[in-house]
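One structure is given below, encoded as structure tokens.
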Amino acid sequence: MWLMGGWTGLGLPTPTDVWSSSDGARWKQVLSAAPWRNGDAAMAISFKGEIWLVGGVSDPRQRDEAFSNEIWSSVDGEKWTYHGHAAWSPRVGAALVTLGDKMWLLGGFDGKAYNNEVWSSSNGLDWVLESSAAPWSARAFHGAVNFRNSIWLMGGGVWEVNATFPNDVWRSGDGRTWEKVQKSAPWRGRLWPSAVVYDDAIWLIGGRYETDLDSRNIWRTVDGRTWDRIPGPAGFNRRHAPAVYEFKDRIWIAGGYEGGGHGGNDVWAFQHTPR
């Protein structure tokens, strides 16, 4: 499991350290300072044997801080290669998934406006605009996964002025044509949820709904329509934007914002036991 970038607290610089762990308990600091600087709300993914980190911002509270569309990759988390700027506009909070032999970038926020664009790349460097306006509403900070050979998109929304918190669920087998699977899921609309595929199901974990309340609930679905609510374990605090992994037949949850003006650094492991 690899952890990098993120946000650690109000007024603190964006972290650029890189960590790895093979058991969730012992973490190795691979780098104290990576060469990239825009690790806040960036998008990261494993693709064709490399870690890719794209977009993001170094400090969104600074008025003169530019959002990024830089592209970086690494085969070992220690040595990073800079590949220039993507064809899509600088942004944060997009979703990045794989489907087929490509990575797909969905939506995002550029500091002024939200969008519902869909971009694809077969090599991480060259990007194709597949749709300038997908049928799902413009949004950022949403969940998306590759499940049963389709892209599934859920939640997210618009933050700050005129905030919206949709709880719709969408599916696409090709990244271009989208089906609305559910207009209103049973979970409350939320920003910054974390989505992962585990045990042949989609899992949605945490998130922030309305303006000031985080969630500790875990939701599970096998079809995007029927969802089972799984309460968080004792001691598992409300949070949004945690790092979530499927690793060694478990779901792993690392960190996230739990309130109080700073991020968390606890690590949880969850193994599903069917009823």
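Data table
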| read-out | value |
| --- | --- |
| Filtered residues of segment 195-210 (kept if open to solvent by 10 Å² or more (accessible area, probe 1.4 Å) and within 14 Å of E258 (Cα to Cα)) | R208, Y209 |
| Selected residue [surrounded by fewer than 17 Cβ atoms within 10 Å (Cβ to Cβ), at pLDDT 95 or above and of a type in the set (A, V, I, L, M, F, W, C)] from L105, L125 | L125 |
| Neighbours by Cβ (under 7 Å, 6+ apart or cross-chain): first from segment 187-202, free of Cβ contacts under 8 Å to residues at least 40 places away in the same chain; second hydrophobic (A, V, I, L, M, F, W, C) and crowded, with 19+ Cβ neighbours inside 10 Å | G189/F165 |
| Filter result for N265 (without any contact (Cβ under 8 Å) to a residue 40 or more places away in the chain, part of a strand (DSSP E or B), over 18 Å from I45 (Cα atoms) and not hydrophobic (A, V, I, L, M, F, W, C)) | yes |
| Sole exception among (1) under 25 Å from W2 (Cβ atoms); (2) more than 19 Å from the chain's Cα centre (by Cα); (3) not in a loop (DSSP other than H, G, I, E, B) for R229, by number | (1) |
| Strands (runs of 3 or more DSSP E) enclosed by segment 1-58 - at least 3 residues per element that are surrounded by fewer than 19 Cβ atoms within 10 Å (Cβ to Cβ) | 28-31 |
| Scope segment 145-171; condition part of a strand (DSSP E or B) and in contact (Cβ under 8 Å) with a residue 40 or more places away in the chain; matching residues | V145, N146, F147, S150, I151, W152, L153, M154, V158, V169, R171 |
| Options A134, A185; residue that is of a type in the set (G, A, S), within 17 Å of G108 (Cβ to Cβ) and in a loop (DSSP other than H, G, I, E, B) | A134 |
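To keep it simple, each residue is scored yes or no on (1) farther than 19 Å from A44 by Cα; (2) surrounded by 13 or more Cβ atoms within 10 Å (Cβ to Cβ); (3) touching a strand residue (DSSP E or B) at 6+ places or on another chain (Cβ under 7 Å); (4) modelled with pLDDT of 95 or more.
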| residue | (1), (2), (3), (4) |
| --- | --- |
| T221 | yes, yes, yes, yes |
| P231 | yes, no, no, no |
| G235 | yes, no, no, no |
| R238 | yes, yes, yes, no |
| A243 | no, yes, yes, yes |
| E246 | no, yes, yes, yes |
| I251 | no, yes, yes, yes |
| Y257 | no, yes, yes, no |
| F270 | yes, yes, yes, no |
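The values are calculated or read from the model by the stated rules, or taken from the named source; none is laboratory data. What you see is a predicted model; the values in this text were computed from it and never measured. With ideal geometry, Cβ positions are generated from the backbone for all residues, glycine too; neighbour counts draw on all protein chains shown. What goes into the accessible areas is simple: the full protein's heavy atoms, side chains included, and nothing from ligands, DNA or RNA. Shrake-Rupley method; radii C 1.70, N 1.55, O 1.52, S 1.80 Å.
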